[in-house]
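Every number here is computed from the coordinates shown, using simple stated rules; none is lab data. Since this is a predicted model, take the numbers as computed values, not measurements. Cβ coordinates were reconstructed from backbone atoms using ideal geometry, including for glycine residues, and neighbour counts include every protein chain displayed.
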Amino acid sequence: RELKKTKARKATGPDNISSRLLRECADQLCEVVLFMFNLSLSLERVPALWKTSCVVPVPKISHPKELNHYRPIVLTSHLMKAMERIVLSYLRNQVSSALDPLQFAYRSAIGVDDAIIYLLHRHCLIWRPLGTL
């Protein structure tokens, strides 16, 4: 499933495995990739090539003349990204019930806006006159 989520037009990472290949051949590659992921997790080791990245300067403007006219783009392995998504999903499922309900950061679909709304609500409850709704 994670291989099919790979965006097809992304640049390859240091392993030179294209996202298009992973996406279009996901059904054929899933068993091999699953074996590699499970082996990596059971050995508690990640292939060195998956941990490396390539930094590519991308121009911010059409005719760059200075270094600050570029922004760095980091290319990493699509296989590593897929494995990270799987591990993240597993960890989220394991710890979600243990998280404090007031934990707003680092949670999907919950953020700063929710924290502000909560604080405003608490403020209104504390400061409203007694006997009013």
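Structure data summary
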read-out: Built amide H within the under 5 Å cut-off of Y70, gap 5+; value: K60
read-out: DSSP loop trypsin sites (Lys or Arg not before Pro) with at most 11 other Cβ within 10 Å excluded, longest remaining stretch of the chain; value: 66-133
read-out: Ascending count of other beta-carbon atoms within 10 Å, so fewest first, for L99, L29, L3; value: L99, L29, L3
read-out: Part-to-part distance (alpha-carbon centres) for region 1-56 and region 69-101, which is given in Å; value: 14 Å
read-out: Mean projected area (nm²) of the alpha-carbon convex hull when the chain is viewed from all directions; value: 14.4 nm²
read-out: Environment charge of L102, counting only residues whose C-beta is closer than 15 Å and scoring Lys/Arg +1, Asp/Glu -1; value: -1
read-out: Amide H contacts under 5 Å for I110, placed H, 5+ residues apart; value: none
read-out: Hz values of 3J(HN,Hα) by residue in region 103-116 - Karplus curve (6.51, -1.76, 1.60), Gly and Pro given as x; value: 7, 9, 7, 6, 10, 6, 6, 9, x, 4, 4, 5, 5, 5
read-out: Karplus (6.51, -1.76, 1.60) ³J(HN,Hα), θ = phi - 60°, over region 11-24, in Hz, Gly and Pro reported as x; value: 5, 6, x, x, 7, 6, 9, 6, 5, 5, 4, 4, 6, 6
read-out: Residue with peak Gaussian network fluctuation, the chain [Cα springs, cutoff 10 Å], from S19, S97, S53; value: S97
read-out: All lysines inside 21 Å of K4 as judged from Cα atoms, apart from same-chain residues fewer than 8 positions distant; value: K81
read-out: H69, H121, H63 arranged by Cβ crowding within 10 Å, fewest neighbours leading; value: H63, H121, H69
read-out: Per-residue Cβ neighbour rank within 10 angstrom, fewest leading, I73, I86, I126; value: I126, I73, I86
read-out: Equivalent ellipsoid, region 56-133 (semi-axes from 5 times Cα gyration tensor eigenvalues, Å); value: 42, 25, 7
